[in-house]
Amino acid sequence: MKKKIMHILNTNDYSGAENVAITIIRAMQNEMEGVYVSLSGPIKEYLDEYGITYYPVRKLSIMSVRKAIRDIDPDIIHAHDFTAGIECALTGTHIPIVNHIHNNSPWLRRYNLKSFVYAISCHKYRKVLTVSDSVMDEYVFGNRFKNKTEVIGNPIDTDKIRNLAGHPDIIYDVAFLGRFSIPKNPHMFLDIIKELKENKSDIKAVMIGDGDLRTEIEQRIRENGLTDNITLTGFQKNPYIYLNQAKLLCMPSIWEGYGLAAVEALALGKPVVCSKAGGLPTIVDDSCGKLCEKKEEYLDYILKMIGGQNDLLCASRAAIEKADRIDNLESYTR
């Protein structure tokens, strides 16, 4: 009999954590049966496509999680991120819980209700998985739980990324890939493009994604006269096609967990200019990109890459080499 793993998430759409959960279920399907529990929503389309058993709930609560546990009867509960982990811990179940943290939210760094509640829940977890050392390093109570924490990064399949991307057809100078939300800092990206336009009036950028800040971003693009410079694709089931049409990726994130988009860009030979948030410093170095603290550093690097074919070619080759070293799907699954 296969072990049954209940993956539980407090979301209903498809993004980084959801992609990881689906990848884990698919990679282990010969040895373990994965059941995906989450809020009812668009994620169903992706789960149906991969033939993954879906258990939708209207709201993630102690009662709904208890019912899911009774109905599914899992051997292990794999709770993704903080809310799902806390809800599972509060059910009082004796089934082993693995809490998988995909990002290091700012509240982790302060003494507050959330950080206290999460600390209490940590006592219930058999194991805490994180995507980078920064998660527990930044958590105010992190030292207390490092004995049950393991850093596993994210599953990377470079061949899959390259196959989905197809042949590169460069249309854009620079790309943004991620949710239009505060952590990903899309407003900073607009500031960068606005200033780049002063040096290169025909600068072309693409923003791949969607989110709560979409309306604000659209308004700022119009107000700053950037409608001819920036293309908004909306959410894309296969973002790699658009990413492959850009010379490089810009990630001015305020906070990150691992920084999966950076690896995806490197796999396509796209240098990455980014902040030092989360796991990005473990992914990007001077050979394949640039870690930045100030806006001027972003501007200088982007202008250097789009203005010098040789510089871009060298960084692109280094990006591919770096991604191939990071490729870890087989070891990650083990």
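The values are calculated or read from the model by the stated rules, or taken from the named source; none is laboratory data. Since this is a predicted model, take the numbers as computed values, not measurements. Every residue, glycine among them, receives a Cβ derived from its backbone with ideal geometry; neighbour counts consider all protein chains shown. All accessible areas refer to the heavy atoms of the entire protein, side chains included, with ligands and DNA or RNA removed. Shrake-Rupley method; radii C 1.70, N 1.55, O 1.52, S 1.80 Å.
Of the residues making up region 173-194, those that are free of Cβ contacts under 8 Å to residues at least 60 places away in the same chain and either part of a strand (DSSP E or B) or open to solvent by less than 10 Å² (accessible area, probe 1.4 Å) (or both) number 4. The residues in region 106-131 that are touching a residue at least 24 places away in the same chain (Cβ under 8 Å) and open to solvent by less than 40 Å² (accessible area, probe 1.4 Å) can be counted, and the count is 12.
Taking residues in region 90-105 that are within 14 Å of Glu138 (Cα to Cα), and partners anywhere that are of a type in the set (D, E, K, R) and part of a loop (DSSP other than H, G, I, E, B), the pairs with Cβ atoms closer than 8 Å and at least 6 places apart or on different chains are Asn103/Glu256; Asn104/Glu256. Would you call Leu268 over 15 Å from the mean Cα position of the chain (by Cα), open to solvent by less than 30 Å² (accessible area, probe 1.4 Å) and closer than 19 Å to Asn154 by Cα? Here the answer is yes, as Leu268 does meet what is asked.
Yes/no per residue for (1) touching a Leu at 6+ places or on another chain (Cβ under 9 Å); (2) open to solvent by less than 90 Å² (accessible area, probe 1.4 Å); (3) within 26 Å of Glu330 (Cα to Cα):
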{"site": "Ser40", "(1), (2), (3)": "no, yes, no"}
{"site": "Leu47", "(1), (2), (3)": "no, yes, yes"}
{"site": "Tyr54", "(1), (2), (3)": "yes, yes, yes"}
{"site": "Val65", "(1), (2), (3)": "yes, yes, no"}
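Is there a residue in region 167-187 that is acidic (Asp, Glu) and more than 25 Å from Arg334 (Cα to Cα)? Among the residues of region 167-187, at least one is acidic (Asp, Glu) and more than 25 Å from Arg334 (Cα to Cα), which makes the answer yes.
In region 5-38, the residue that is surrounded by the fewest Cβ atoms within 10 Å (Cβ to Cβ) out of those that are of a type outside the set (A, V, I, L, M, F, W, C) and more than 22 Å from the chain's Cα centre (by Cα) is Asn30. For the criterion of being at pLDDT 95 or above, under 21 Å from Leu260 (Cα atoms) and in contact with a helix residue (DSSP H, G or I) (Cβ under 7 Å, 6 or more places away or on another chain), Phe141 fails. Every test in (1) more than 26 Å from Tyr258 (Cα to Cα); (2) in a strand (DSSP E or B) is passed by Ile77 save one, and that test is (1).
Starting from residues that are in a loop (DSSP other than H, G, I, E, B) and basic (Lys, Arg), keep the ones in region 106-124 and report whichever is modelled with the highest pLDDT. Ranking the candidates gives Lys124 first. Apart from one condition, Val273 fits all of (1) surrounded by fewer than 14 Cβ atoms within 10 Å (Cβ to Cβ); (2) in contact with a Cys (Cβ under 6 Å, 6 or more places away or on another chain); (3) of a type outside the set (S, T, N, Q); the exception is (1).
For region 219-230, a residue qualifies if it is of a type outside the set (A, V, I, L, M) and closer than 14 Å to Phe180 by Cα, and the qualifying residues are Gln219, Arg220.
When region 285-334 is filtered for residues that are open to solvent by less than 20 Å² (accessible area, probe 1.4 Å) and under 20 Å from the mean Cα position of the chain (by Cα), the ones remaining, listed by number, are Cys288, Gly289, Cys292, Ala319, Ala323.
Note on region 199-290: enclosed strands (runs of 3 or more DSSP E) holding 2 or more residues that are within 19 Å of Arg317 (Cα to Cα) and modelled with pLDDT of 95 or more are 246-251, 272-274. Inspection of region 155-172 identifies no residue that is β-branched (Val, Ile, Thr), at pLDDT 95 or above and buried (at least 16 other Cβ atoms within 10 Å of the Cβ).
Quick check on region 132-140. Is at least one of its residues touching a Ser or Thr at 6+ places or on another chain (Cβ under 7 Å) and part of a helix (DSSP H, G or I)? Scanning region 132-140 turns up at least one residue that is touching a Ser or Thr at 6+ places or on another chain (Cβ under 7 Å) and part of a helix (DSSP H, G or I). Just checking, does region 244-264 include any residue being over 17 Å from Arg179 (Cα atoms), touching an Asp or Glu at 6+ places or on another chain (Cβ under 7 Å) and open to solvent by 20 Å² or more (accessible area, probe 1.4 Å)? Yes - at least one qualifying residue is present in region 244-264. Of the residues making up region 277-332, those that are in contact with a helix residue (DSSP H, G or I) (Cβ under 8 Å, 6 or more places away or on another chain) and among the basic types (Lys, Arg) are Lys290, Lys295, Lys304, Lys322.
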